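The values are calculated or read from the model by the stated rules, or taken from the named source; none is laboratory data. Since we're looking at a predicted model, the values are computed, not measured. All Cβ positions, even for glycine, are placed from backbone atoms using ideal geometry, and neighbour counts span all protein chains on display. We work out accessible area using only protein heavy atoms, side chains counted, and drop any ligands, DNA or RNA first. Shrake-Rupley method; radii C 1.70, N 1.55, O 1.52, S 1.80 Å.
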Amino acid sequence: MAYLEGMNMKKLVTRMIIALVMLVHLPVLSQIELTPIGNYRTGIFAEGAAEIAAHDPASQRLFVVNAFTQTIDVLDISDPTNPTLAFSIDVTPYGKQANSVAVHGGLVAAAVENDSTQLPGNIVFFDADGNYLNHVIAGALPDMVTFTRDGAFALTANEGEPNQDYTHDPEGSVSVVDLRNGVMNATVKVAHFRKYNTRPIPYGVRIFGPNATVAQDLEPEYIATYNNRAFVTCQENNAIAVINIEKARVIRLYGLGFKDHMGLRNGFDASNEDGLIRLKKWPTKGMYQPDAIDIFATGGQHYMITANEGDSREYLGTPGFVGETRVKDLTLDSTAFPNYRNLQREVNLGRLKVTLANGDTDGDGDYDELYSYGARSFSIWNKEGHLVYDSGSKLERITAMLEPENFNSDDEENGSFDDRSDDKGPEPEGVVVGKIEGHPFAFVGLERIGGVAVFKLTNPTNPSFVQYINTRDFSGDPLTDTAGDMSPEGLVFIKKSKSPNGKPLLVVTYEVSGSTTIFEINLTGAADRDGAETLEGNNMMNNKIESFNLSQNYPNPFNPETEIRFQITEDSPVTLKIYNTLGAEIRTVANENFSKGAHTVRWDGRDNFGKPVASGLYFYKIVTNSHIDIKKMHLLR
């Protein structure tokens, strides 16, 4: 446990306790808990020294993109509590730097950009020992690489970004590498978007680059595959493309539409100048603009899940192109926004960054609608591209409750409370789904404040929040590498059958801190659903009860119920009551004699009359013959 020994244990334990879960329970489903067990640090700050990782189970190595050294760092994780650098792969013979890496069956693929990012890059193949095998030509700026699940194909998302002057805008594309005859006989085809140059564009797909064709404007970002289909996010365009892999042909283009921030639980914090956490509805439409995407199955159906980061275009050459502005600098239509003067105050919507490309619906030069970047959420879509679920304001509500002093912080600077509220908030960038005990769990990386939010996806129309864990140290100094892990970029789920310690793991690479952390995923058991029923005999210390203890409730925050554990050193009458912030009693959950030992009671979020209580802060108080103790907990409906 070398990583744990190197941290401030009091801070770590406190953070892990408050990060445990608000869980909407389903019957007899196991809960999970992430615990950091290993960490590798480059010591390189804000240079992209740990961006994307891939795992090879045969060698128990992680391949980690290091943009600063222009290498792929290879970490030995045979002991996951002590990852060490085995060697590095120099990618400069094949281009400027690697942007992504993937592994399948001991074959390593790296997406390497050209020294001029408007020119074709390369997909370079190595073995697990770093030996070069072959390479093929990719499109301009290959930003992500992945294998199909059977390893028959490798694919890259080629963004095709323009130069700073916006005078050279290459086409976006997806390269499809056929590996069925072996890597030494690899062939490549290109899936392009040229057919949409002369076809109607689906609603919600944004095409707005100056003088750009549709094929030039679409910028593939991330790929997930299932069977013979690849699902490709085009982030700036607010779209997902579907590709027939074997034919290397685009067969569908989904416009993702827009999120109504006046909708129920779709509020957000729009200002970094109000000094407050203020989640409220605003008359704006959020462009989903996902970065990462993954595919998962539940209930016999397959779904897409996206991390809706958002992204703008800003090219500062001559003539260049800047596609964003702040609401305060727009001319708003007085009919659409009769209270525009108040909205444009910096403490309201004035500071919010929005696009210039959408919103002037009648072409008269003022803005009738406002479109902001990203949805500050994750979303679930069915195979037809229809929205099944969006997490609304949940990510901001979770971080507001669990990290209130660091809410919407910047990813490079501590002491930056509320700094990102005018941009994209917590900025969910990465997502990966892993199946544990037959149930799919989503792990969502929040780029700015940091941390990983975990959700159970068994019910895709209503995922349940499981845990938020953040290994960033807000009291540390990022420049001296004492601030922990900053800016999660890539996430890799390792199932237990492929894991070096026989347990499921989550690997997270952190772009700003240049670090890689390994989390162990443990089951925490299943609970029945009998409200405040007392459970005896749950001995937490093998009957060696040496001291009184009232534990933090679990989950916390919670919905709709939570467990409260305590241990007593002697037989004693015990009362345990719930109070609101005014000191009024809400519920008596225990009032009886208990034997010496450890016990658990449950509160189902109802008062003494059986009515559900509102979201908020509550206190629970225990009284025994010899002890009184009080702790607080959060109900988040």
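If you look at the Cα atoms of the range 364-511, you get an Rg and a Dmax of 16.9, 63 Å.
The residues of the range 341-410 expose, per residue, 36 Å² of accessible area to a 1.4 Å probe. Placing one equal scatterer on every Cα of the range 403-458 and applying the Debye formula, the log10 ratio I(q)/I(0) at q = 0.12, 0.16, 0.25, 0.30 Å⁻¹ is -0.34, -0.53, -0.88, -1.10.
Working from label points 7 Å from Cα in the Cα-to-Cβ sense, the A152 to N244 distance is 1.4 nm. Heavy-atom accessible surface of the range 565-637, averaged per residue, reaches 49 Å², computed with a 1.4 Å probe. Summary value for the range 170-310: 19 percent relative contact order, contacts being C-alpha pairs under 8 angstrom separated by 6+ residues.
Positive-end ranking of G151, G95, F609 along the dipole of the chain, with charges on Cβ about the Cα centre, is headed by F609. A simple rule links phi to the HN-Hα coupling: the Karplus curve 6.51 cos²θ - 1.76 cosθ + 1.60 with θ = phi - 60°, which for the range 89-105 gives 9, 7, 9, 5, x, 10, x, 6, 6, 7, 9, 7, 8, 9, 9, 8, x Hz, with x for Gly and Pro.
Using a 1.4 Å probe over the heavy atoms of the protein chains, calculate the carbon and sulfur portion of the accessible area of the chain as a whole percent.
Taking all protein chains in place, the chain shows 47 percent carbon and sulfur surface.
Sorting 488-494, 206-212 by average packing, meaning the other beta carbons within 10 Å per residue, from highest down gives 488-494, 206-212. Per-residue 3J(HN,Hα) values for the range 134-145, derived from phi via the Karplus relation 6.51 cos²θ - 1.76 cosθ + 1.60 with θ = phi - 60°, read 5, 8, 9, 7, 10, x, 6, 6, x, 9, 8, 10 Hz in sequence order (x marks Gly and Pro). Between V322 and M262, the modelled label-to-label distance comes to 3.0 nm, taking each label 7 Å out from Cα in the direction of the beta carbon. Here the range 51-172 was treated as a single set of alpha-carbon atoms; its pair distances binned every 10 Å from 0 give 15, 46, 29, 9, 2, 0 percent. Remark: C-alpha extents of the range 430-534 on the principal axes read 50, 35, 28 Å, sorted largest to smallest. The orientation-averaged projected area of the convex hull spanned by the Cα atoms of the chain comes to 29.2 nm². When peptides 290-299, 373-382, 435-444, 306-315 are ranked by their average number of other Cβ atoms within 10 Å per residue, the highest-first order is 373-382, 306-315, 290-299, 435-444. Put T524, T156 in order of accessible area, highest first, and with a 1.4 Å probe you get T524, T156. Taking the Cα atoms of the range 115-261, the ratio Rg/Rh between the radius of gyration and the Kirkwood radius comes to 0.99. Partners of K281 within straight-line reach, counting lysines whose Cα lies under 22 Å from its Cα and excluding those fewer than 8 residues away in the same chain: K259, K328, K353, K394, K424. Over the chain, what is the percentage of antiparallel beta bridges among all DSSP beta bridges, to the nearest 5? Beta bridges within the chain, antiparallel portion: roughly 95 percent. Against the criterion of solvent-accessible heavy-atom surface with a 1.4 angstrom probe, S173, S497 sort, most first, into S497, S173. About the centre of its Cα atoms, the chain shows a dipole size close to 2060 debye [charges on the beta carbon of Lys, Arg (+1) and Asp, Glu (-1) only; nearest 20 debye].
When all alpha carbon pairs of the range 542-598 are counted in 5 Å bins from zero, the resulting P(r) reads 4, 16, 21, 25, 18, 12, 4, 1 %. When Rg and the Kirkwood radius Rh are both evaluated on Cα atoms of the range 268-327, their ratio Rg/Rh stands at 1.13.
For the range 386-403, putting each phi into the Karplus relation 6.51 cos²θ - 1.76 cosθ + 1.60 with θ = phi - 60° gives couplings of 8, 5, 9, 7, 10, 6, x, 9, 4, 5, 5, 5, 5, 5, 5, 7, 8, 10 Hz, in residue order, rounded to whole numbers and with x for Gly and Pro.
Working from the alpha-carbon coordinates of the range 227-336, get Rg over Rh, Rh being the Kirkwood radius.
1.06
On the beta carbon distance between N134 and T92, with R0 = 22 Å, the FRET formula returns roughly 0.80. Farthest toward the positive end of the dipole of the range 169-272, out of N244, N211, V174, is the Cα of N244, where the dipole comes from beta carbon charges about the Cα centre.
Computed with every protein chain present, the accessible area of T35 is close to 30 Å² [probe 1.4 Å].
Taking every alpha-carbon pair under 8 Å whose residues sit at least 6 apart, the range 196-256 reaches a relative contact order of 30 percent. Which of the lysines could a cross-linker bridge to K611, judged by Cα under 19 Å and excluding same-chain residues fewer than eight apart? By straight Cα distance, K611 reaches K577.
Between D127 and M184, residue separation times 0.36 nm minus the direct Cα-Cα distance comes to 19.3 nm.
For the range 544-637, the fraction of C-alpha pairs farther apart than 21 angstrom is 27 percent.
Here the translational diffusion coefficient of the range 213-292 follows from Stokes-Einstein with Rh set to the Kirkwood radius across Cα pairs; for 37 °C and 0.692 mPa s it amounts to 223 µm²/s. Suppose the Debye formula is applied to equal point scatterers at every Cα of the range 317-430; what is log10 I(q)/I(0) at q = 0.12, 0.13, 0.14, 0.15 Å⁻¹? Listed by q, the Debye log ratios stand at -0.57, -0.67, -0.76, -0.85. Per-residue surface analysis assigns T187 an accessible area of about 80 Å², computed on protein heavy atoms at 1.4 Å probe radius. Quote the accessible area belonging to H192 in square angstrom, nearest 10, computed with a 1.4 Å probe and with ligands, DNA and RNA left uncounted. Probe radius 1.4 Å; accessible area of H192 about 70 Å².
Once both labels are positioned 7 Å from their Cα atoms along Cα-to-Cβ, the gap between L85 and T588 label points is 6.4 nm.
Based on the Cβ-Cβ distance of N522 and K195, what FRET efficiency does E = 1/(1 + (r/R0)^6) give at R0 = 51 Å, to the nearest 0.05?
0.55
Each 10 Å bin from zero holds the following percent of Cα-Cα pairs in the range 141-212: 17, 38, 29, 15, 1.
At R0 = 30 Å, how high is the FRET efficiency between L479 and K281 if r is their beta carbon distance? Nearest 0.05 is fine. For R0 = 30 Å, the calculated efficiency reads 0.15.
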